[in-house]
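J.: Let me give you the structure first, and then I'll get to my questions.
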Amino acid sequence: MKATCWMGKKHVEVVDVPEPELLNRRDAIVRVTSTAICGSDLHLLNGFIPTMQRGDILGHEFMGEIVDVGPDVRNRRVGDRVVVSFTIGCGECFFCRRELYSCCDNSNPNAWMAEKLFGHATAGAFGYSHLTGGFAGGQAEYVRVPFADVGTVKIENGLADEQVLFLSDILPTAFMAAENCDIERGDTVAIWGCGPVGQLAIRCCFLLGAERVIAIDRIPERLQMASASGAECIHFEDQDVADQLLQQTGGRGPDACMDAVGLEAHAPGLVHSYDRMKQALMLESDRPYVLRQAILACRNGGTVSIPGVYGGFDDKIPMGAMMNKGLTIKTGQTHVPRYFGSLLERIERGDIDASFVITHRLRLDEAAKGYEIFSRKQDDCVKIVMTP
Amino acid sequence: MADPTKTTKTRKRRRESSAHELEGESRPRGGSSGRKPRKRSERGEADQEVAENASRKRDGGSSRRPTPERVARGLGWLSLALGVGSLLGARRTARWIGLRREALTPLRLVGVREIATGIGLLAARRPAAAQWARVGGDVVDLGLLGAALSSRRAERGRVGALTAGVAAITALDVACVRRLTAQDPDARSGRLQLSRSIAIDRPAIDLYAQWRDLENLPRFMPFLSSVRPTTRDGSAEGGEAREGGQLGSESSMPSFEWNARFVAKGPMGLETEWEAEIVDDVPGEVIAWCSTPDAALEHSGAVQFEPTPDQRGTLVRVEIEYQPPGGLIAASLAKLFEPGPAWVIQDSLRRFKQLMEVGEIVTTEGQPSGREGGASS
């Protein structure tokens, strides 16, 4: 079968690989009908995530039809149409029982590796380096899905792939990030990053009762898309973000700030060079420029929500501001299965249609080109969906 | 679990008290000292002692002579200084003792070694191993200086002065290492101790039952090829459980053997076999074992099952005591590589947890990848 493989830094190739087999008793094999490229895949492409090996199959946003099930899968059958959660949870451990699926204790075969970096291992994930277990990913024709009875949601209502595909990752991510803003009626939320997660987060914030959403980015097409969702926009290269936020909130600052950018932040000027240089010298793993800004901009007693992915140990985080202003920080890899039911209902009701973020539709064997376009943000690219 | 900061008196006391407790039991004790694992109340006392010892160490330096740890740290700084000096001043020193060419490389290598031992002494929590390295280095240095003395070109007087200096430092190093190992009972006895624990969301009695059925062990201890229960004389009969122990009350508990033969896979496909016997067995609480006296690697251990504070799960704690071959020095050096065996135990506990919570161990072995020279499409 064809699969998109990581062949080295900035090098992705679609190669022919064997089809997957059932390996554990609660596995299912899914024939992929749609799969997407995620912003976090770009961190893999650019070599920021350690433990990648040449030949690893990428991709963690996918859906399709079950073609085989293991003997202990209780609630899924061959022929079921499912969307698969990017994070793998066993359903039985301390964390899964509390719906903290992305912290699952039992789904990472390389738990010892993650423990070294994070203090404790977190859940396995598809196509996201050996730190998360090295599971073969979903930008392929077939995928083996462990714990299929926990990490999949059945689609029975005739909705198109594009309407439900993003239940795999970015829609629950945006929704959890919006929930993490602790929005109360009348609140102003500032969102850094108008990529797919940011775009969906804008809509989720309004759904959860925000009065105003301020979106920050530098790409005009993405700011336009944000504006179409009802957000006020700030172009961070043309305007001073901190100053603008103060002006727009009467000097108080936004009630909640969301960092939907993560470790590969762009920043104007000297600070960017500082972080870039430290990254090159391996003195810093991430570029937390947006995080610093969000902490400084947030109003006293406000909340900072961090869906953006970070990997390691970061520099010059304004701890003084965080402590003295009494901020609440809420973050985490998305606990996707927790949101399957409620978000599918919202989609069926018409509250939200996530397909508006799709700008490019490619075939699976054009994946390398897709990564290139997405990475360079060429051609007004926001989200790429591929079909095998 | 023994803590090196405790005084030897305390450990001896505890050993004696366990011995007294066990005297009343009908189970004969084989193999080594077979300590009973500490209960929660004992651990409370132990914590107090740790605190006392820590404050004694802190205050001790001012009125009495400095603790061996302080001396070791001082020697660490001395090592660094000597190392840097030796590296940078190699040429000058070589010229001074008259061996301009021959001494240059050895002096530089000595410098690098000194820097390494210096870092070892300053960075390690337990400096014993690095201190042994210093002693070893001193012996090498004395050897080098002896060779230098025999060379005709050498300035005998100056080499002699250097030798005297190194000899003085050697005396200091040896004294320090003796004090360090004297207060580290593990190093004295040559035994190492490891302890690891994990929380599992299942009742203690279920976990106990899985573990006690020794044939299950290879399912979550990948270094074991097989475990075969045996009867006392070593023959592998299916056999009835022995009388004695407290199994009687659990009528649903299957009868378990008290001895077993273990086969482990070593490196390069070599297999090791040993026999061990259960020396303590409380259903749902503890299983303790000892290797039999003829085992290749003498060891003892225990696994304890305790309810977690929220009463919904179990804390499984494994303690192992073993005698690495090579005795005293090997034990000190092995501590530098301690993550080795401890990692194996932690890995086994993690697998046990998966087995008990989920029913199987999640694997990615056998999944596809683009590594096997796949053709580009």
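J.: From the protein chains alone at 1.4 Å, what is the descending order of accessible area for A:66, B:320, largest first? Numbers along the way, then the final one.
T.: Working: A:66 0, B:320 35 Å².
Most to least solvent-accessible, the answer reads B:320, A:66.
J.: Another question, if that's okay. Starting from the Cα of residue B:140, step 7 Å along the direction of its Cβ; do the same at residue A:247; then give the gap between the two resulting points in nm.
T.: Result: 6.8 nm between the two label points.
J.: A further question follows. How big is the Rg/Rh ratio for region A:181-290, C-alpha atoms only, Rh by Kirkwood, two decimals? Each step should come with its number before you reach the end.
T.: Numbers: Rg = 14.5 Å, Rh = 14.5 Å.
Dividing the radius of gyration by the Kirkwood radius yields 1.00.
J.: Another one. In Å, the Kirkwood hydrodynamic radius of chain A over pairs of distinct alpha carbons?
T.: Values: mean 1/r = 0.0475 Å⁻¹.
Hydrodynamic radius (Kirkwood, Cα pairs) of chain A is 21.1 Å.
J.: Then there is this: Over region A:192-242, with a single point scatterer placed on each C-alpha, what log10 of the ratio I(q)/I(0) does the Debye formula yield at q = 0.16, 0.25 1/Å?
T.: Log10 I(q)/I(0), no solvent term: -0.38, -0.87.
J.: Taking Rh as the Kirkwood radius, which is the inverse of the mean 1/r over Cα pairs, what is the Rg/Rh value for region B:259-324? Numbers along the way, then the final one.
T.: On the way: Rg = 14.7 Å, Rh = 13.5 Å.
Rg/Rh: 1.09.
J.: Rounded to the nearest 10 Å², what accessible area does residue B:70 have for a 1.4 Å probe in the complete protein model?
T.: 130 Å²
J.: At a 1.4 Å probe radius, carbon and sulfur cover how many percent of the accessible area of region A:8-80? List each step's numbers first, then the result.
T.: Values: 1300 of 2930 Å².
Here carbon and sulfur together make up 44 percent of the probe-accessible area.
J.: Still on this model: Quick one: pull the percent of accessible area on region A:249-375 belonging to carbon and sulfur, 1.4 Å probe, ligands and nucleic acids left out. Kindly include the intermediate steps, with their values, before the conclusion.
T.: Numbers: 3120 of 5680 Å².
C and S fraction of accessible area: 55 percent.
J.: Counting pairwise Cα distances across region A:220-361, what percent come out greater than 28 angstrom? Could the numbers behind the result be given before it?
T.: Working: 2883 of 10011 pairs.
Taking all Cα-Cα pairs of region A:220-361, the fraction more than 28 Å apart is 29 percent.
J.: Can you give the accessible area of residue B:93 in Å² (nearest 10), computed on protein heavy atoms with a 1.4 Å probe?
T.: 40 Å²
J.: A further question follows. Roughly how large is the A-B contact in terms of buried accessible area, totalled over both chains, probe 1.4 Å, nearest 100 Å²? Numbers along the way, then the final one.
T.: Working: alone 16190 and 21240 Å², together 34700 Å².
Buried area between the two chains comes out at roughly 2700 Å².
J.: To the nearest 10 square angstrom, how much accessible area does residue A:316 have with a 1.4 angstrom probe?
T.: 130 Å²
J.: My understanding is that a pair violates if its Cα-Cα distance is over 20 Å; which of A:10/A:316; A:10/A:369; A:330/A:383 do that in this structure?
T.: Values: A:10/A:316 28 Å; A:10/A:369 12 Å; A:330/A:383 26 Å.
Correct reply: A:10/A:316; A:330/A:383.
J.: Classify region A:1-134: rounded, prolate or oblate, from the alpha-carbon gyration tensor (a ≥ b ≥ c, eigenvalue square roots; a/c under 1.5 rounded; otherwise prolate if a/b is larger than b/c)?
T.: On the way: a/c = 1.91, a/b = 1.09, b/c = 1.76.
Because a/c hits 1.5 or more and a/b fails to exceed b/c, region A:1-134 counts as oblate.
J.: Follow-up question, since we're still on this one. Need the per-residue list for region A:74-106: every residue with at least 20 Å² less accessible surface in the complex of protein chains than in the chain by itself, probe 1.4 Å, sorted by number.
T.: At a threshold of 20 Å² (probe 1.4 Å), the residues of region A:74-106 that become less exposed are A:92, A:94, A:97, A:98, A:105, A:106.
J.: Order A:56, B:310, most accessible first, counting only protein heavy atoms with a 1.4 angstrom probe.
T.: Numbers: A:56 15, B:310 70 Å².
If we order A:56, B:310 from most to least accessible, we get B:310, A:56.
J.: Set the Förster radius R0 to 51 Å, insert the Cβ-Cβ distance between residue B:147 and residue A:21 as r into 1/(1 + (r/R0)^6), and round the FRET efficiency to 0.05. Walk me through the numbers on the way to the answer.
T.: Numbers: r = 65 Å, r/R0 = 1.27.
It comes to 0.20.
J.: Another question, if that's okay. Return the sequence-ordered ³J(HN,Hα) values of region B:65-74 in whole Hz as given by the Karplus equation 6.51 cos²θ - 1.76 cosθ + 1.60 applied to θ = phi - 60°, using x for Gly and Pro.
T.: 6, x, 5, x, 5, 5, 4, 4, 5, x
The values are calculated or read from the model by the stated rules, or taken from the named source; none is laboratory data. On a predicted model such as this, the values are computed, not experimentally measured, just so you know. Please note: Cβ atoms are built from the backbone with ideal geometry, for glycine as well, and neighbour counts cover all protein chains shown. These area figures cover heavy atoms from the full protein model, side chains too; ligands, DNA and RNA do not enter into them. Shrake-Rupley method; radii C 1.70, N 1.55, O 1.52, S 1.80 Å.
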